Amino acid sequence: DTTPNGQGRMELCQLDQDIKEISRFRIPAPEKDDTYCEKNWMPIIDMPYHFVKWSNPTEVVKVDPINKTCETVHLGSYVEKPFDYRGGSQVITLGDYRVALTHTCNLFKSEQGKKNAIYEHSFIVWDKDFNFVGLSKENISFLEAPIEFCIGAAVYGEDLLLGIGVQDNCAFVLRTPGSVVDE
């Protein structure tokens with residue numbers, strides 16, 4: 001967020017071998033770059049510079065870091081669901097499917113009139129061509145905290161590791177048995 005109106009954008013950084021940032025650019029939205037909020041894009045692990053921008057309908061974008069442009073390369077159909085599933089983890093491949101952990105955000109005002117939210121999570125599943133297959137059966141809460149989010153996923157043997165943040169001030173890695181994810 002580098003603008004006075006709170007406009008959100010993704011940024012792509014280049015790191016050197018010592019993991020020091022050597023360049024960065026603000027990724028424009030595809031088409032006209034006039035949308036207000038572009039955040040929570042999910043990197044697709046086996047497709048460099050590709051991201052799931054939105055999950056309903058599924059929109060996959062490709063970033064060109066040389067020309068500093070972005071284009072939509074896949075736009076799926078809208079699926080009738082009660083919430084807007086936003087990005088969370090990276091998109092990983094499990095068997096014949098692509099999977100990510102997304103979140104929904106229920107925004108409300110506290111008793112003091114301040115902005116507050118409750119986050120819940122769902123696994124979203126696509127086939128290899130990003131056609132929607134389904135969502136996990138229930139919304140997931142990691143630690144029953146109002147503000148929690150997934151910041152990464154990785155396959156570890158037969159299990160899935162999930163990096164999570166809680167209340168914007170602490171982080172954990174959860175190890176989830178693969179059988180739970182399969183269900």
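The values are calculated or read from the model by the stated rules, or taken from the named source; none is laboratory data. No experiment lies behind these values; they were computed from the predicted model shown. Methodologically, a virtual Cβ is constructed for each residue, glycine included, from the backbone with ideal geometry; neighbour enumeration extends over all protein chains shown. These area figures cover heavy atoms from the full protein model, side chains too; ligands, DNA and RNA do not enter into them. Shrake-Rupley method; radii C 1.70, N 1.55, O 1.52, S 1.80 Å.
Can you give me the number of residues within the range 78-106 that are open to solvent by 50 Å² or more (accessible area, probe 1.4 Å), farther than 14 Å from I151 by Cβ and under 13 Å from the mean Cα position of the chain (by Cα)? Final tally of qualifying residues: 1.
For the range 112-130, give me each residue that is modelled with pLDDT under 85, charged (D, E, K, R) and over 17 Å from the mean Cα position of the chain (by Cα). Answer for the range 112-130, where residues must be modelled with pLDDT under 85, charged (D, E, K, R) and over 17 Å from the mean Cα position of the chain (by Cα): K114, K115. Here D46 qualifies as open to solvent by 20 Å² or more (accessible area, probe 1.4 Å), modelled with pLDDT of 90 or more and within 16 Å of the chain's Cα centre (by Cα). Of the candidates A171, A153, the single residue that is touching a residue at least 40 places away in the same chain (Cβ under 8 Å) and under 17 Å from S89 (Cα atoms) is A153.
Listed here are the residues, each with its yes/no results for (1) touching a Leu at 6+ places or on another chain (Cβ under 8 Å); (2) under 22 Å from P48 (Cβ atoms); (3) of a type in the set (S, T, N, Q); (4) part of a loop (DSSP other than H, G, I, E, B).
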| position | (1), (2), (3), (4) |
| --- | --- |
| H103 | no, no, no, no |
| N106 | no, no, yes, no |
| G113 | no, no, no, yes |
| A117 | yes, no, no, no |
| P146 | no, no, no, yes |
| F149 | no, no, no, no |
| G152 | yes, yes, no, no |
| L162 | yes, no, no, no |
| S179 | no, no, yes, no |
